[in-house]
Amino acid sequence: MDYQRAIQEKERHQPRRRSWWQRFRRRPPRCRACNEVWPCTRHQRARARIIQLLREELQGNAGSHW
């Protein structure tokens, strides 16, 4: 999964708006795409992948400016 695809996956799995009844009952928000309790596993996996790719990029470019 490359960087752009990970971002698209993360943006796709966002919380759905809760109705007044869900807020009243203090129900947790649900994912728009997969209907899991948010943050869903796919959102967390995509977020972790983005962080990993950014770390790899920073480590790869750490000594290049000297």
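Quick notes
- Elements of type helices (runs of 4 or more DSSP H) in the chain, at least 3 residues being surrounded by 15 or more Cβ atoms within 10 Å (Cβ to Cβ): 3-12, 41-60
- Residues satisfying the stated conditions in the range 1-42, i.e. free of Cβ contacts under 8 Å to residues at least 40 places away in the same chain, closer than 25 Å to LEU54 by Cα and of a type in the set (Lys, Arg): ARG5, ARG12, ARG42
- Every residue from the range 1-30 that is touching a helix residue (DSSP H, G or I) at 6+ places or on another chain (Cβ under 7 Å) and hydrophobic (A, V, I, L, M, F, W, C): MET1, ALA6, ILE7
- Residue ID - farthest from the chain's Cα centre (by Cα), chosen from residues in the range 14-62 that are among the aliphatic types (A, V, I, L, M) and under 18 Å from ASP2 (Cα atoms): LEU58
Any read-out appearing in this document is the output of simple, stated calculations on the displayed coordinates, not a laboratory observation. None of the values given here were measured: they were computed from a predicted structure. Here Cβ is always computed from backbone atoms with ideal geometry, including for glycine, and neighbour counts include all displayed protein chains.
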